[in-house]
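The values are calculated or read from the model by the stated rules, or taken from the named source; none is laboratory data. Keep in mind the model is a prediction, meaning the values are calculated, not measured. Glycine gets a Cβ as well: all are built from the backbone with ideal geometry, and neighbour counts include every protein chain shown. Remember, those area values only see protein heavy atoms, side chains included, never the ligands or the DNA or RNA. Shrake-Rupley method; radii C 1.70, N 1.55, O 1.52, S 1.80 Å.
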Amino acid sequence: MIAIALRFSIGSEGFALPNRADVWSLRLTNVVAGVSVGMALGVAGALLQAILRNPLASPFLLGLTSGAGLGVVVATYITYLATGAILMSGPPVFAVLLGSFGALGLVYLLSQRRGTPEPTSLVLVGVIVSVCCAALTSFIQHLMPDQGMAVYTRWVMGAISAETGTVTLWTVAGATVAGTLWAMTLGDDLDAAALSDDEARSVGVSLGRLRAVSVLIAGLLTAGSVLLAGPIAFVGLIAPHLARRVAGPGHRWGICATALAGGALVVLADSGVAFIRTPSGRMPIGVLTAIIGGPLFIWLLRREREL
Amino acid sequence: MNGLVCEGITLRYERSEPVISSLSLTLEPGLWAMVGPNGAGKSTLLRALAGLHAPEAGRVLLKGEPVHRMAARHRATRIAYVPQRSSVWAGFDVRTIVAMGRHALPRRDETIERALDGVALLDRAEEPYRSLSVGQQQRVTIARALAQLDGSEGGVLVADEPLSAQDPAFAARVMGLLRGHVERGGLVVAALHDCTTALRCADGGVLLSSGGTLVTSGPAVDTFTPGWMERVFGVGFDLVRTPGGPALLPRGATMPL
């Protein structure tokens, strides 16, 4: 997996190896961001699928992406009100963070039952918070001229941009690796959490604590990925399934494999969008992952029957 | 005192009537059968005994320690639980499921082998749990609980209808495994629906009537009598001597010959 990721990433943006140092560093930025985003989404998806016992769970279930999207339009709108202009540069970091953590916090609090997030409530609350954030986002978009729409539309499709600040990039990448290792230490607990609640508790899993920690790690990882690349569809859903085919149902190595699969997927997709030139510039990476991810998921579904 | 002690426990699910009210009960080490009509609260009481349902009032004590307050990992070294229907979400194989019984304990391969052998599933150990029949899955769960209690002399096994999906031969085999745990100094409390099995195999009996009231408890021969059974189930019972031992047969269900 690592090999695939590296090979394709170096071969991207035209097939020649770069011969200038600054191009190398730009590509390095892209590769680090891509691997980090893919790892984060994959591991977050694996954690959520495990604690919700739901093969369709994905990181965006936590409402965090829609929250971040809302953050982006609100920030764009405030800038517009203050200066009368729409800034076409990338969304401000604090707006994305505020939006994602706001939504995550809301979902986390509203899905509590007896002090821990309860799986069914988490899914329902996540969907509802997402819908509400999306509605507010549309409303604010209507208050702005058309370029305001464009900022959001570009952001929401996801892109790995070489403009990401070095500090942000390496902080998020470091946090992603830390989060992945942390998630791996939960492996045995996550395995036993595949049993019913009573059984998991009876063999010694502190289910409430496990759920809280997992949601927290998944939330932080997803927020990091959204910060680097906006929402990228399907990676968090598919990477855990791909990993399970290779590493089996166990979570300790499953999470490691998921991180590799996710990283590889995103770097591959990023190579793809760098290679496919459209008249209006780079295609957003989220478009490619969705186009490839959808059929891939259906294929997996038909292969396994039971996911 | 090695047994489980219920001190005036009241059990209730959120915003509904109590399932069990102020029930007091002492279970010494041995094999206890819990019998009662559907909906009497047997499963809820068993969950409370296993520390999985916090009583609204009163406490369940194991060696003086309230079971629902024990940390999950600590409790797992002393109490194992077999639910009525087990469920496993992911595609784990049978051996891995049994090994989960050692989640909070040192994993020992021979313990897991022995537990699998006990329920006659050693040859299915590498198959996915979900490919097994309901009865086989139930035996996997029993094996997991026994693996969990292996080496814990005086451990408590709480089992909710462990025979519900077993044919007569396997039912006898499972009762033998439970008896084995008791002989190692353990305590087993199992909900059973077959009164004859309860009478023949158990040391002690607990009779619940609908509404969650404890009707009587004590030695099995004094608990599973036609008189008490009629009071709990509302149908007459005959105590019949058979070559295999005493049998308690309900009168209402027989077809006229």
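Some notes on this structure:
- Per-residue shielding of A:248-257, expressed as the average number of other chain Cβ atoms within 10 Å of the residue Cβ, stands at 2.
- Between B:R130 and B:E17, the modelled labels are 3.9 nm apart [label points 7 Å from Cα along Cα→Cβ].
- Think of each Lys and Arg Cβ as +1 and each Asp and Glu Cβ as -1; about the Cα centre, that makes the dipole of segment A:2-304 roughly 300 debye.
- Listed residues A:C132, B:C195, B:C201 arranged by accessible area, highest first, probe 1.4 Å: A:C132, B:C201, B:C195
- Gaussian network model of chain B, Cα within-10 Å springs - most flexible of B:V140, B:V188, B:V215: B:V215
- DSSP-defined beta bridges in the protein assembly as shown - what % are antiparallel, rounded to 5: 60
- Per residue of the protein assembly as shown, the DSSP helices (runs of n ≥ 4 H) give a summed -39500 (n - 2.57) that works out to -17500 deg cm²/dmol at 222 nm.
- For segment A:124-176 and segment B:55-102, distance of Cα centres in Å: 43
- Helix runs (DSSP H) in chain A reaching 24 Å along axis by Cα, Kyte-Doolittle at least 1.0: A:21-52, A:64-83, A:93-110, A:119-142, A:166-185, A:207-229, A:251-275, A:285-304
- Net charge dipole size for chain B [Lys, Arg +1 and Asp, Glu -1 on Cβ; Debye, nearest 20]: 400
- Choice from A:V74, A:V35, A:V226 showing the highest fluctuation, given a GNM over chain A with Cα pairs closer than 10 Å: A:V74
- A simple charge model with +1 on the Cβ of Lys and Arg, -1 on the Cβ of Asp and Glu and nothing else charged puts the dipole of the protein assembly as shown at about 520 debye relative to its Cα centre.
- Residue-averaged beta-carbon neighbours from other chains (10 angstrom radius) around A:189-196: 6
- Distant-in-sequence amide contacts of B:A57, defined by a placed amide H-H separation under 5 Å and a gap of 5 or more residues or a different chain, comprise B:T10.
- Highest-first arrangement of B:27-33, B:145-151, where packing means the average Cβ count within 10 Å: B:145-151, B:27-33
- Where A:D189, B:D238 fall by accessible area, highest first, once all protein chains stay in place (1.4 Å): B:D238, A:D189
- In the protein assembly as shown, a dipole from Cβ-located charges (positive for Lys and Arg, negative for Asp and Glu) runs towards its positive end, and of B:A72, B:L23, A:G254 it is A:G254 whose Cα lies farthest in that direction.
- Accessible surface computed residue by residue for the protein assembly as shown, with neighbouring protein chains in place and a 1.4 Å probe, gives 43 Å² per residue.
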